[in-house]
Amino acid sequence: MKKLMAGLLLICFTGVMQAQIEELKEATIDYRPVSMKLDPGTQSVTIDIPEEYVGEFQSNPLDFAKRKFNVNQLIQENKGSDYTDFQVFFNTDKGYMVANYDDEGELVSTFQRFKDAALPDDARKEIMKKIKGAQVMDVRHIVISDGWNIDKEYYKVKIKDGDKVKRVRLNKTNRGISLAGY
């Protein structure tokens, strides 16, 4: 039996050694830069900007736009047109940001709106302090900026308190979170 097993192993090993080697053809990669030329019919351009990790855009949209979007390329490719400002939409399945740029490429303002946002710890504590036994059902995060500086930031929160549904607004300022609309 040992001789039979040794013979089979020898045949298999010899078969592997006799396998043909196939040479693969050379792979080539073509680089085609993304065009940011506006479509004359819709006055818009659509490009995909990949995230390095899930939620990268939603965690800090202003930083994402600063690092990943080249507004100067948009201006350069549409130089012959008579545009004085550009409105850029950054969309994700959880929300969006609208960024307004001037013809020099400077950020004028942004409006951000995200659904199913995570409440900061201090916001949750503020809700639980004011409304005992509340259950958070829905959170909308809205941010308005003037240039690169955040001007207004707040959360619209839908809360279930027993059999009642309440809507409250949590304003975020430099001093912290304050509960409004309760």
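The values are calculated or read from the model by the stated rules, or taken from the named source; none is laboratory data. Just so it is clear, the model here is predicted, and its values are computed rather than measured. Because the Cβ atoms are built from the backbone with ideal geometry, glycine has one as well, and the counts that use them run over all protein chains shown. What goes into the accessible areas is simple: the full protein's heavy atoms, side chains included, and nothing from ligands, DNA or RNA. Shrake-Rupley method; radii C 1.70, N 1.55, O 1.52, S 1.80 Å.
Straight-line cross-link partners of Lys68 among the aspartates and glutamates, defined as a Cα under 13 Å from its Cα and at least 8 positions apart when in the same chain: Asp48, Glu51, Glu52, Glu56. Based on protein heavy atoms only, segment 31-182 ends up with 66 Å² per residue of surface accessible to a 1.4 Å probe. With the convex hull of the Cα atoms taken as the outline of segment 84-182, the averaged projected area works out to 7.1 nm².
Surface composition of segment 44-182: carbon plus sulfur atoms contribute 44% of the solvent-accessible area (1.4 Å probe, protein chains only, all chains present). The protection proxy used here, the mean number of other Cβ atoms lying within 10 Å of each residue, ranks peptides 138-146, 100-108 as follows, highest first: 138-146, 100-108.
Phi angles across segment 160-169 convert, under the Karplus curve 6.51 cos²θ - 1.76 cosθ + 1.60 with θ = phi - 60°, into 3J(HN,Hα) values of 9, 10, x, 9, 9, 10, 10, 10, 10, 10 Hz, Gly and Pro given as x.
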